[in-house]
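K.L.:
Mind looking over this structure? Questions follow.
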Amino acid sequence: MPESAQVAVTTGVDEFPFRTELSLAPLIRYWEHELTEGCSVLASVARTVLDQVAQAPELAGPVTDLTAIRAHDDLLRALMVAAFSPAFEDDGYAAALLPFRLRTFFSTPGFTRLLTGGDGFVVGRVDVGAELLVHVRMLHAYSLILLRVYGIDVGVEYPWVSSVKDPDTGLDRYFKFLVNRRFLDVDVVGEPPVLSEALRQRLAAGILDPVALLAVLPPDRFVIRGFSILKAVEVTEQEVLSAIERELIDKESIVSTERFRGLQDRVRALLRRPEIDLGLSALEGDRVLTLNFGSREAHGCIFAGSTHHLVSEFVGSIYERAAQERRPLFVEDLEALPKRSRIEDAMLAAGYRSLVFAPLIYQDTLIGALKLVSPKPGSLNLTLTPHVQQIMPLFAMAVKRSMDELNNRIQAIIKENCTAIHPVVEWRFRKAVLAGLERPGAAPREGQAGQIEPIVFRDVYPLYALSDIRGSSSHRAWAIQSDLLTQLGLAREIFQAAYRVHPMPILDQIGHKIERYATDVEVSLRSGDEVGLIAFLRREVEGLFGHLEGLGPDVRERIEAYRRALDPQLGAVGMRRRAFEESLTLINDTIATYLDAEEQAAQILAPHYFEKQRTDGVDYSIYAGASLLEDGGFTPLHLKNLRLWQLMVGCGIAREVERVKPRLAEPLETTSLILVQHAPLSIRFRFDEKRFDVDGAYNVRYEIMKKRIDKAVVRGTTERVTQPGKIAIVYSQEAEAAEYRDYIAYLQSLGSLERDVEPLDLEELQGVSGLRALRVTVSLEPPAGEARGTLAAAARRALG
């Protein structure tokens, strides 16, 4: 911590071993030199000064009592003209000091007012301790001795900065002190100590060690006489700016009350306005967060405890104008402002008369604002522009860092409680977390989902579609059955060959057992049969291969054929299964890739919530509505566009699957279904399951339909409503069918759909009744309209 310069030096006075004497003799010699060597004018002045000195002989010798000097104040002032220019006396800061003491016996008015205490000592606070100042004083003493006695200039300069309180404003001011030793002499007691050549070389190289010199140049061999000149240069601006920059490195500086008050004092000192108040705000979405202003309760979060306003509240105010113009704006007198907004009226009512509002810009982005207000009209004016512009980037970086910290905390809470969140609704989760952080004493920590307010989106419109692999379960079972039969056949051949070479009854018995397993598998494959069968083959068949290989080349070749047929990962024959899984994956990848590309395009036209699932096919859910969007910009046209887009995507998926069919190792067919619901519903985020779900008992019917609709059959038949190459549009209300007939007619005109449309009644599902469907056939040749861009763009043109 800074400490008093007076205390730092005077407490170590006993540690300064050199004898010093205050003397004006070096100054008198200067005037004697001017009398003999100076120009005629200076010689005349010198003669007058020296005549008066002759009448005060006590000034020529050692001065032990300062009252002797003060008795000749006018003469002292005349003598000091050599060191202090009278022209700058009122504006400059300088003083004459006792040798190696911070005690003045003459000083300029400015130095006396700001930098001298009542006892004549220099006042102020320095950022170094007494030990260092004592060390520096020793350096200066030996530097002077080496120069005066030995002619060795080691060039020691150690200016220091001290801060003082301005008695008029109470603000800190900073001064840089420089010591001039022009009027200091060094007398040697006896013969000067001899310096070795090695020491001279070290000193010439600038290596000055006061502790080592104490033995070579004992202090009692020297007497320092005369006085020092101390000049002070004000460096308040540089020091305050550096201090602000240092303090803003600490992330707590703009949110901690104590630290912020320190920053406010720095800004007051920079602008020399003790009455101003500092305010700082950040822009977060559609809100302006007041991070700190005046005296607030201390808090450790950038948001907790701060106040916030909507950006719309600042419309028409000087704040909005400054943000738009991106430069600081000054109001010298709020009372005289012709068109005040509600914001300016509130400032005036709070007792403020002048203000400056400075937008904070970081990488060309508006991130916040700095506000300075004063109760004095005219106190904040354009003359302060350079200073305000200097601190704007410093505060901008601090606000950016703190907002990044806030965003990281928000993301951590969202990630902990909600996992990945769709970008369309992320704003709502941020708002929920911010609301939790804003509650004093209730800021949620990571992992505390209960602290986050419920997230519900009301009146959203659901869209659901499914592209399914027809008979995928049967295909998978057949592939497993085929692989098992192949493996059993290879095993049977091994034991038949072994029996022919070595007709042991046990070999024939194992072959018979294999045959029985094959017969059972060929008839049907029940759950668990595969695991039991593979265990049998590994235990009773493969375990004998080591013994059977010695029965001849025919047996060995069949064993090798068996081993080559095994899938390394399955440990069993898996050719048909692999063909099925590869075909299934190719279809799913094709659908997902196409769907993702089209959905991204649709997202631009009508932002919506989208989630996709992959199983034996791909299904997706869309929720769209004004409540999902931060700006609420959603219209019926957006909804219609999404519904038309969904039908167009269904056609596109059918064509994409048809395109990859030649590459399928296993022939598979896909079916498509769209579930229509015109009535809006509500969705709620389930923090325990970390997903969205419909909210309310009435809306649960929709979820039931989603889970069971792919099993729906045409009334009076066993025919599934979903068929390869067709799209089944399932609905409940006639109005829904009417809308989709319009879309169908449009796509038929484009050539995306065939002319036939099948109206169907569906059998009741468990918990769901009254469902009907329109089934349409997809034209597998790409329509001309598709070449014009994405389906989303085509849908927009159709509805435009």
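K.L.:
Does segment 476-483 contain at least one residue that is in contact with a strand residue (DSSP E or B) (Cβ under 8 Å, 6 or more places away or on another chain), buried (at least 17 other Cβ atoms within 10 Å of the Cβ) and either modelled with pLDDT under 90 or not basic (Lys, Arg) (or both)?
P.N.:
yes
K.L.:
Out of curiosity, is LEU647 closer than 18 Å to GLU736 by Cα, of a type outside the set (S, T, N, Q), surrounded by fewer than 17 Cβ atoms within 10 Å (Cβ to Cβ) and touching a helix residue (DSSP H, G or I) at 6+ places or on another chain (Cβ under 7 Å)?
P.N.:
Working: closer than 18 Å to GLU736 by Cα: yes; of a type outside the set (S, T, N, Q): yes; surrounded by fewer than 17 Cβ atoms within 10 Å (Cβ to Cβ): no; touching a helix residue (DSSP H, G or I) at 6+ places or on another chain (Cβ under 7 Å): yes.
Criteria not met by LEU647.
K.L.:
A further question on this structure: Identify, by number, the condition in (1) modelled with pLDDT under 70; (2) in a strand (DSSP E or B) that GLU446 doesn't meet.
P.N.:
(2)
K.L.:
A further question follows. Of everything in segment 684-704 that's surrounded by 14 or more Cβ atoms within 10 Å (Cβ to Cβ) and either acidic (Asp, Glu) or modelled with pLDDT of 85 or more (or both), which residue is nearest to ALA773 (Cα to Cα)?
P.N.:
That would be GLU703.
K.L.:
Which condition breaks for GLY725 when tested against (1) of a type outside the set (S, T, N, Q); (2) in contact with a Leu (Cβ under 8 Å, 6 or more places away or on another chain); (3) farther than 30 Å from SER482 by Cα?
P.N.:
Just one mismatch for GLY725, condition (3).
K.L.:
Right, here's the next one. Can you name the residue in segment 78-122 that is in a strand (DSSP E or B) and among the small types (Gly, Ala, Ser) and is also farthest from ASP65 (Cα to Cα) among such residues?
P.N.:
Among those that are in a strand (DSSP E or B) and among the small types (Gly, Ala, Ser), it is ALA94.
K.L.:
Now, a different point. Go through segment 646-714 and tell me which strands (runs of 3 or more DSSP E), entirely inside it, have 1 or more residues that are closer than 24 Å to PHE429 by Cβ and among the aromatic types (Phe, Trp, Tyr). Don't jump to the end; show me each part of the working.
P.N.:
Working: elements: 670-675, 681-686, 691-695.
Passing ranges, in order: 681-686, 691-695.
K.L.:
Pairs please, first residue from segment 674-687 and not assigned by TED's automatic domain parsing to the domain that holds ARG701, second anywhere and part of a strand (DSSP E or B) and aromatic (Phe, Trp, Tyr), Cβ atoms under 9 Å, 6+ apart in sequence or on different chains.
P.N.:
none
K.L.:
Still on this structure: Look at segment 130-147 and say how many of its residues are touching a Phe, Trp or Tyr at 6+ places or on another chain (Cβ under 9 Å) and among the charged types (D, E, K, R).
P.N.:
Of the residues in that region, 1 qualify.
K.L.:
Among the residues of segment 115-124, is there at least one that is assigned by TED's automatic domain parsing to the domain that holds ASP74 and under 29 Å from LEU203 (Cβ atoms)?
P.N.:
Going through segment 115-124, the residues assigned by TED's automatic domain parsing to the domain that holds ASP74 turn out to be 115-124.
Right, trim to under 29 Å from LEU203 (Cβ atoms) and you get none.
So far as segment 115-124 goes, no, none of its residues is assigned by TED's automatic domain parsing to the domain that holds ASP74 and under 29 Å from LEU203 (Cβ atoms).
K.L.:
OK, next. Go over the candidates ALA432, ALA398 one by one and state the one that is modelled with pLDDT of 70 or more, of a type in the set (Gly, Ala, Ser), assigned to a helix (DSSP H, G or I) and farther than 27 Å from ILE249 by Cα.
P.N.:
Matching residue, one of ALA432, ALA398: ALA432.
K.L.:
Do we find that LEU213 is on the phi < 0 side of the Ramachandran plot and either in the same structural domain as GLY378 (by TED's automatic domain parsing) or at pLDDT 90 or above (or both) in this structure?
P.N.:
no
K.L.:
List pairs: first in segment 553-580 and more than 17 Å from TYR499 (Cβ to Cβ), second aromatic (Phe, Trp, Tyr), Cβ under 8 Å, 6+ apart or cross-chain?
P.N.:
Sorted first by the residue in segment 553-580, then by its partner, the pairs are ARG576/TRP478.
K.L.:
Are any of the residues in segment 222-230 outside the structural domain of LYS371 (by TED's automatic domain parsing) and on the phi > 0 side of the Ramachandran plot?
P.N.:
Here is the first cut: in segment 222-230, the residues outside the structural domain of LYS371 (by TED's automatic domain parsing) are 222-230.
Still in the list and also on the phi > 0 side of the Ramachandran plot: 226.
Taking every residue of segment 222-230 in turn, at least one turns out to be outside the structural domain of LYS371 (by TED's automatic domain parsing) and on the phi > 0 side of the Ramachandran plot.
K.L.:
Given the conditions (1) aliphatic (A, V, I, L, M); (2) farther than 18 Å from SER23 by Cβ; (3) without any contact (Cβ under 8 Å) to a residue 12 or more places away in the chain, and given that ALA54 satisfies all but one, which numbered condition is not satisfied?
P.N.:
Looking at each condition in turn, ALA54 falls short on (2).
One line per residue, one yes/no per condition, for (1) part of a strand (DSSP E or B); (2) more than 23 Å from ASP286 (Cα to Cα):
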{"residue": "GLU335", "(1), (2)": "no, yes"}
{"residue": "ILE343", "(1), (2)": "no, no"}
{"residue": "ALA346", "(1), (2)": "no, no"}
{"residue": "GLY351", "(1), (2)": "no, yes"}
{"residue": "LEU355", "(1), (2)": "yes, yes"}
{"residue": "PRO359", "(1), (2)": "yes, no"}
{"residue": "GLY368", "(1), (2)": "yes, no"}
{"residue": "LYS371", "(1), (2)": "yes, no"}
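K.L.:
Given the conditions (1) of a type in the set (A, V, I, L, M); (2) touching a helix residue (DSSP H, G or I) at 6+ places or on another chain (Cβ under 9 Å); (3) more than 30 Å from PRO218 (Cβ to Cβ), report the number of the one that ALA141 does not fulfil.
P.N.:
(3)
K.L.:
Tell me which strands (runs of 3 or more DSSP E) are completely within segment 252-328 and hold 2 or more residues being at pLDDT 80 or above and closer than 30 Å to VAL425 by Cα, or say none if there are none.
P.N.:
Counting at least 2 such residues, we get 277-284, 287-293.
K.L.:
Which one of these does GLU239 not meet: (1) touching a residue at least 24 places away in the same chain (Cβ under 8 Å); (2) assigned to a loop (DSSP other than H, G, I, E, B)?
P.N.:
So GLU239 meets the others, but not (2).
K.L.:
Would you mind telling me which numbered condition in (1) buried (at least 19 other Cβ atoms within 10 Å of the Cβ); (2) out of contact with any Lys or Arg (no Cβ under 6 Å at 6 or more places or on another chain) TYR464 fails?
P.N.:
Just one mismatch for TYR464, condition (2).
K.L.:
Hey, another quick one. Going through segment 168-192 one residue at a time, which ones are part of a loop (DSSP other than H, G, I, E, B), on the phi < 0 side of the Ramachandran plot, exposed (fewer than 15 other Cβ atoms within 10 Å of the Cβ) and touching a helix residue (DSSP H, G or I) at 6+ places or on another chain (Cβ under 7 Å)?
P.N.:
If the condition is that a residue be part of a loop (DSSP other than H, G, I, E, B), on the phi < 0 side of the Ramachandran plot, exposed (fewer than 15 other Cβ atoms within 10 Å of the Cβ) and touching a helix residue (DSSP H, G or I) at 6+ places or on another chain (Cβ under 7 Å), then VAL189, PRO192 are the ones that fit.
K.L.:
Under the condition of being in contact with a helix residue (DSSP H, G or I) (Cβ under 9 Å, 6 or more places away or on another chain) and within 17 Å of LEU270 (Cα to Cα), which residue from segment 358-378 is surrounded by the fewest Cβ atoms within 10 Å (Cβ to Cβ)?
P.N.:
Checking each candidate, the answer is LYS371.
K.L.:
I would also like to ask the following. What pairs can you find where one residue is in segment 590-608 and within 17 Å of GLY650 (Cα to Cα), the other is assigned to a loop (DSSP other than H, G, I, E, B) and at pLDDT below 95, and their Cβ atoms are less than 9 Å apart, with a gap of 6+ or different chains?
P.N.:
ALA597/THR790; GLU598/THR790; GLU599/HIS608; GLN600/THR790; ALA601/GLY789; ALA601/THR790; ALA602/HIS608; ALA602/THR790
K.L.:
I'm trying to understand the selection: among the residues of segment 614-644, which are at pLDDT below 90 and loosely packed, with under 14 Cβ neighbours inside 10 Å?
P.N.:
THR615, ASP631, GLY632, GLY633
K.L.:
Looking at (1) in contact (Cβ under 8 Å) with a residue 40 or more places away in the chain; (2) under 16 Å from VAL388 (Cα atoms); (3) of a type outside the set (Ser, Thr, Tyr), can you tell me which one GLU325 breaks?
P.N.:
Answer for GLU325: the failing condition is (1).
K.L.:
Residue check: is PHE84 surrounded by fewer than 17 Cβ atoms within 10 Å (Cβ to Cβ), modelled with pLDDT under 90 and not small (Gly, Ala, Ser)?
P.N.:
The answer is no for PHE84.
K.L.:
What single numbered condition from (1) loosely packed, with under 12 Cβ neighbours inside 10 Å; (2) closer than 30 Å to SER474 by Cβ fails to hold for ILE514?
P.N.:
(1)
Residues are listed down the side, and each one gets a yes or a no for (1) modelled with pLDDT of 85 or more; (2) over 60 Å from the mean Cα position of the chain (by Cα):
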position: GLY38; (1), (2): no, yes
position: ALA46; (1), (2): no, yes
position: LEU50; (1), (2): yes, yes
position: ALA60; (1), (2): no, yes
position: HIS72; (1), (2): yes, yes
position: ARG77; (1), (2): yes, yes
position: ASP91; (1), (2): no, no
position: ALA96; (1), (2): yes, no
position: GLY110; (1), (2): yes, no
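The values are calculated or read from the model by the stated rules, or taken from the named source; none is laboratory data. Here the structure is a predicted model, which is why all the values come from computation and not from measurement. Reconstructed Cβ throughout: ideal geometry from the backbone, glycine too, with neighbour counts over all protein chains shown.
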